Amino acid sequence: MVRYLTELNLNAFVDAAENVPYQQINSDLFPNLDLWVRRDDLIDPVISGNKAYKLIYNLIEARKRGKDTIVTCGGAWSNHIHATAAAGLRFGFKTIGIIRGERVREMSPMLQDAERFGMSLRFVSRSQYRHRHESNFMECVGLCKKMSWFVPEGGANNQGAMGVRLLGKIITKTSPVSFGECWVACGTGVTLGGLITSLPTKTKTVGVAVLRAKSSILKAVEELGRAAGGVAHDSWQLIDNGHQGGYAKNTKSLDAFMKQMDSMTGIGLDHVYTAKVMYSLAKRFGIRMGNGRATHLNRVLLMHSGGLQGRRGFA
Ligand SMILES: *Cc1c(COP(=O)(O)O)cnc(C)c1O
């Protein structure tokens, strides 16, 4: 049974995460694969996907330090802003979102949700936003640090990585079969790096970059790998030609593939992240070998990292 995130403590979170279902896919789209999807989009209706994992240790740390406010930043379609606003409402934190660009009259449904969840939005110019990685960013945009816990864009900090490594351990413990590969969408690369350093070495972690950000993803993986005492270079791979032209770029073929997946498997994907992973997987394994029957079935796990609320941008 899927549990929702009702309490802010690690045991409750682990309990929910250990109950996330694995769904086996039987589809002609993947004739050479034994494909499973881990439905982390279902861990909670609003604190969804990998963002739940990147937030959990941040929220626990903020509570421990007596901070009553979570401050974070992102763009108008950020899943991380959405999840942070929802988590603040659920667990009793005030939340402030520093948003790149001007406030427009018709805000994205994501930002409308965030406000409805009680997040206070602060719009900053693109040039101000560029300073988001600097330690005085909050002061720069006129916010006080005292009662606040700052979470960087996308949840990409040490606590964020700890949460992803927790996910890797939970996958190791709960996998119904042993997987040769685990595929995941990459933005910052923290999810990829966290999984590389926590999944069993016999499982190769494959990241699909959803934007042109090869160098920053490789850097994130390298840092997380170094912190974990090094990773074997054959234990992971980054696919950097599956982004369809860039962040949130859609193509007719991606769109058609998504619709086909939807109707054949019932698993919803989003154009920005998970559809690009599934599409890259189909391209890698989808072609029938030889006389139509593969002699060897690869066992692959795709981690569904959520993001379905973003589908409203493509309606
Ligand atoms: C944010 C996000 C990612 C990217 O995760 P990173 O750790 O930044 O690489 C992948 N999938 C979904 C649905 C996301 O919202």
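The values are calculated or read from the model by the stated rules, or taken from the named source; none is laboratory data. Treat the numbers as computed from the prediction; the structure is a model and nothing was measured. Cβ atoms come from the backbone with ideal geometry, glycine included; neighbour counts cover every protein chain shown. When the accessible area is computed, the model is the full protein with side chains, heavy atoms only, and any ligands, DNA or RNA have been set aside. Shrake-Rupley method; radii C 1.70, N 1.55, O 1.52, S 1.80 Å.
Put simply, the amide H of D34, placed in the peptide plane, has neighbours under 5 Å in N298, R299, V300, leaving out anything fewer than 5 places away on its chain.
The distance separating the Cα centre of region 1-45 from that of region 198-259 comes to 20 Å. Sorting 88-98, 42-52 by average packing, meaning the other beta carbons within 10 Å per residue, from highest down gives 42-52, 88-98.
Using a probe radius of 1.4 angstrom, the carbon and sulfur fraction of the accessible surface of region 26-175 is 50%. Counting only protein heavy atoms and a 1.4 Å probe, the chain has 46 square angstrom of accessible area per residue. Taking Cα atoms only, the orientation of helix 252-265 departs from the longest principal axis of the chain by about 80 degrees. What does the net charge come to around F314 if you take all other residues with beta carbon closer than 12 Å to its beta carbon, with K and R at +1 and D and E at -1? Result for the local shell: +2.
The dipole here belongs to the chain: it is taken about the Cα centre, uses +1 on the Cβ of Lys and Arg and -1 on the Cβ of Asp and Glu, and is about 380 debye. Other residues whose C-beta falls under 15 angstrom from the C-beta of R226 contribute a net charge of 0, scoring Lys and Arg +1 and Asp and Glu -1. For region 51-155, the fraction of C-alpha pairs farther apart than 21 angstrom is 27 percent.
Between S215 and Q237, the contour length at 0.36 nm per residue exceeds the alpha carbon distance by 6.6 nm.
Taking every lysine pair in region 37-163 that is 8 or more places apart or spans two chains, those with Cα atoms closer than 15 Å amount to 6. Any idea what angle helix 50-64 forms with the longest principal axis of the chain, computed on alpha-carbon atoms, 0 to 90 degrees, nearest 10? The answer is roughly 30 degrees.
Model label sites at K169 and E222, defined 7 Å from Cα along the beta-carbon direction, differ in position by 2.8 nm. Which shape class applies to the chain: rounded if a/c is under 1.5, otherwise prolate when a/b exceeds b/c and oblate if not, where a ≥ b ≥ c are the square roots of the Cα gyration tensor eigenvalues? Here the chain falls in the prolate category.
Note on the chain: dipole from Cβ charges, positive end direction compared against N157, A282, L254; the farthest Cα belongs to N157.
Give me the net charge for the shell around A52: Cβ to Cβ below 9 angstrom, other residues only, Lys and Arg +1, Asp and Glu -1.
Values: positive: K51, K54; negative: D40, D44.
Every neighbour counted, the sum reads 0.
Return one number: the angle in degrees, 0 to 90 and rounded to the nearest 10, between the long axis of the Cα atoms of helix 79-91 and the longest principal axis of the Cα atoms of the chain. Once rounded, one gets 60 degrees. Estimated from helical segments only, the mean residue ellipticity of the chain at 222 nm is -11000 deg cm²/dmol, where each DSSP H run of four or more residues counts as -39500 (n - 2.57).
Any idea what the alpha-carbon Rg over 2.2 N^0.38 Å comes to for region 196-301? Intermediate values should be presented prior to the final figure.
Working: Rg = 15.7 Å, N = 106, 2.2 N^0.38 = 12.9 Å.
Compared with the compact-globule rule of thumb, region 196-301 sits at 1.21.
Label N158 and D262 with points 7 Å out from Cα along Cα→Cβ: what is the distance between them in nm? Computed distance between label sites N158 and D262 equals 4.3 nm. Label zone (N250, point 7 Å along Cα-to-C-beta; backbone nitrogen cut-off 16 Å) within region 261-288: 261-263, 268-277, 279. Placing +1 on the Cβ of every Lys and Arg and -1 on the Cβ of every Asp and Glu, with no other charges, gives region 51-155 a dipole of roughly 220 debye about its Cα centre. Measuring r between the beta carbons of R116 and D15 and using R0 = 25 Å, the FRET efficiency lands at 0.35. When region 20-63 is described by a simple charge dipole with +1 on each Lys and Arg Cβ and -1 on each Asp and Glu Cβ, the residue from L55, P45, L35 located farthest towards its positive end is L55.
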